[in-house]
Amino acid sequence: MTRPDAQPERQILDLNAFSGATGAMAPDVAALVERRRRAFGAGSVLFYDEPLRILRAEGATIHASDGRAYLDFYNNVPSVGHCHPKVVEAVRAQIGSFNTHSRYLFDVAHDYAEKLLATFPAALSNVVLTCTGSESNDLALRLARKASGAEGIIVTRAAYHGNTATVTEVSPSSYKTGAPPRHVRTVPPPDPALFGNDVAQGFADAVKAEIAALKADGIGFAGLLVDTIFSSDGVYADPPGFLKTAVEVVRAAGGLFIADEVQPGFGRTGAGMWGFSRHGLVPDIVTMGKPMGNGYPIAGLVTRPEILDAFCADFGYFNTFAGSPAACAAGLAVLEAIEEDDLIANAARVGRHLTARLTRLQARAPITAVRGAGLYLGIEFGTEKGPAPDLAKRLINGLRDHGILIGAAGRYGNVLKIRPPLCVTTAHADLLVDALEELLV
Ligand SMILES: Cc1ncc(COP(=O)(O)O)c(C=O)c1O
């Protein structure tokens, strides 16, 4: 087990971030970095010491301006594959036919909504389409507060749920200084290193204690919001079912359970469409985004009609671009591609292969844990001295030299996050582990 107090906490956007030094860069890359700095200022965030200038991509491959083809193991946006022909054609055809906001009737909205809702338990029968995962979580918080009549929200310690003013409050990993406000309480991630063998009870007890504290402070409890693969916390998936005990505690206290599926959703865990289904529970609200349009901006939430009805009695909800015909066409093509390309089974198969090889590597390297589900895996690095974020950073840059793109996660930035497009093959997985072996052993 690693000693957590040995390292400073890392803010989510600082992980593998470009430092700003353009010294040794290729001239074309340095010129673009400079233009970016002038136009986007302090808001610009880039990956890598030498940022990658992308020219084109397909499947799991990105072609860059240095003439190299990189294997993309860190991209949850082009989830069914970069430039998937089905999605490209669906968006092209829809934009070429008509595109507008959602206050007209058009068939593709209904074809999409019905196909999407069919992937959820029957109780979750209403969908609201939005533009981003942040907007979905923002709306989810409003629904939960209306339904519970209370303000308090519980999230995990290194959670990230998005960037609106309200959602930043429930995203502790966004804070460079300060901390979330009083109505937001945090619990540790469901880590066996913290909770021992009974992660379900340990995590539920932590939630229960924070509910009691919120009530004691007169704030009240609206709900528990978690990413069901706990990605920014460092990827925690096991044992399947552990969330159920915490959700029972939440409901007994009058709160709602919001499952953030922005990361694990759309088949990535290899065990059905949604991360929560591995836990054998039905959330009150599910939010989604990122992989939903394979790069076309579309996001949303699903919930029970009575929760939406109560909110809509107080407020109207409309967003100009959400649920546009082109967005729905992209979303529909993604759902079809997941089925036709058998991507959930592929995520399970390649994920199993990767996990087996990484677990063998663990015996010969400073790896403290290999965990996750399907094609969402975390490799945690550390020694008896504590977490090893510097090693994780060296590996990220070393893998890039081997032509493989990967990122970091976790409170200390010491977890390598494996999250490729769902079309990767076991041969791709072997290239990743071979490269890691060469760098580590
Ligand atoms: C778990 C989770 N929720 C929500 C979001 C926010 O989504 P968006 O960037 O589309 O607003 C993210 C983004 O990374 C995320 O990882």
**Q.** Meets criteria (within 16 Å of the ligand (Cβ to nearest atom) and part of a strand (DSSP E or B)) for Leu129
**A.** yes
(Q) I'd like to verify a number: residues in segment 61-80 that are within 16 Å of the ligand (Cβ to nearest atom) and modelled with pLDDT of 95 or more, how many? (A) 3
Q | Meets criteria (within 18 Å of the chain's Cα centre (by Cα) and away from the ligand (no atom under 16 Å from the Cβ)) for Gly280 | A | no
**Q.** Matching residues, segment 154-192, being crowded, with 16+ Cβ neighbours inside 10 Å, more than 20 Å from the chain's Cα centre (by Cα) and not β-branched (Val, Ile, Thr)
**A.** Pro180, His183, Arg185, Pro192
Q | Odd one out for Gly254, checked against (1) over 16 Å from the mean Cα position of the chain (by Cα); (2) part of a loop (DSSP other than H, G, I, E, B); (3) within 16 Å of the ligand (Cβ to nearest atom) | A | (3)
Q | Among the candidates Ser136, Ser125, Ser148, residue that is of a type in the set (Ser, Thr, Tyr) and under 16 Å from the mean Cα position of the chain (by Cα) | A | Ser136
Q. Given the structure, is Ser44 crowded, with 18+ Cβ neighbours inside 10 Å, within 30 Å of Val415 (Cβ to Cβ), touching a helix residue (DSSP H, G or I) at 6+ places or on another chain (Cβ under 6 Å) and not charged (D, E, K, R)?
A. no
Q: Kindly establish whether Asp72 is exposed (fewer than 15 other Cβ atoms within 10 Å of the Cβ) and charged (D, E, K, R).
A: no
Q) Does segment 223-237 contain at least one residue that is more than 16 Å from the ligand (Cβ to nearest atom) and under 20 Å from Val128 (Cβ atoms)? A) no
(Q) Looking only at segment 232-251, filter to residues that are in contact with a Phe, Trp or Tyr (Cβ under 6 Å, 6 or more places away or on another chain) and not in a helix (DSSP H, G or I); which one of those is surrounded by the most Cβ atoms within 10 Å (Cβ to Cβ)? (A) Ser232
Q: Restricting attention to segment 153-208, report how many residues are within 12 Å of the ligand (Cβ to nearest atom) and either touching a Leu at 6+ places or on another chain (Cβ under 8 Å) or in a loop (DSSP other than H, G, I, E, B) (or both).
A: 12
(Q) I'd like to check which strands (runs of 3 or more DSSP E) are fully inside segment 321-417 and have at least 2 residues that are closer than 16 Å to Glu437 by Cβ. (A) 367-373, 376-383
**Q.** Unmet requirement for Arg145, which otherwise passes all of (1) within 11 Å of the ligand (Cβ to nearest atom); (2) in contact with a strand residue (DSSP E or B) (Cβ under 7 Å, 6 or more places away or on another chain); (3) in a helix (DSSP H, G or I); (4) closer than 20 Å to Val250 by Cβ
**A.** (1)
Q. Within segment 418-441, which residues are assigned to a loop (DSSP other than H, G, I, E, B) and either under 30 Å from Tyr175 (Cβ atoms) or among the β-branched types (Val, Ile, Thr) (or both)?
A. Pro420, Val424, Thr425, Val441
Q. Does any residue of segment 135-151 turn out to be under 22 Å from Leu13 (Cβ atoms), among the aliphatic types (A, V, I, L, M) and at pLDDT below 95?
A. no
Q. So is Thr269 over 27 Å from Pro85 (Cβ atoms), more than 13 Å from the ligand (Cβ to nearest atom), at pLDDT 95 or above and among the polar types (S, T, N, Q) or not?
A. no
Q. Could we say that Ile229 is hydrophobic (A, V, I, L, M, F, W, C), modelled with pLDDT of 95 or more, assigned to a loop (DSSP other than H, G, I, E, B) and under 27 Å from Glu339 (Cβ atoms) here?
A. yes
Q: Please specify each residue of segment 257-285 satisfying the condition of being aliphatic (A, V, I, L, M) and either in a helix (DSSP H, G or I) or surrounded by fewer than 24 Cβ atoms within 10 Å (Cβ to Cβ) (or both).
A: Ala271, Met273, Leu281, Val282
**Q.** Among the residues listed as Ala365, Ala356, Ala408, the single one being surrounded by fewer than 23 Cβ atoms within 10 Å (Cβ to Cβ), under 22 Å from Asp238 (Cβ atoms) and in contact with a Leu (Cβ under 9 Å, 6 or more places away or on another chain)
**A.** Ala365
Q. Which one of these is in a loop (DSSP other than H, G, I, E, B) and within 13 Å of the ligand (Cβ to nearest atom): Pro297, Pro291?
A. Pro297
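The values are calculated or read from the model by the stated rules, or taken from the named source; none is laboratory data. Worth saying up front: this structure is predicted, and the values here are computed from it rather than measured. Cβ: placed from backbone, ideal geometry, glycine included. Neighbour counts: every protein chain shown.
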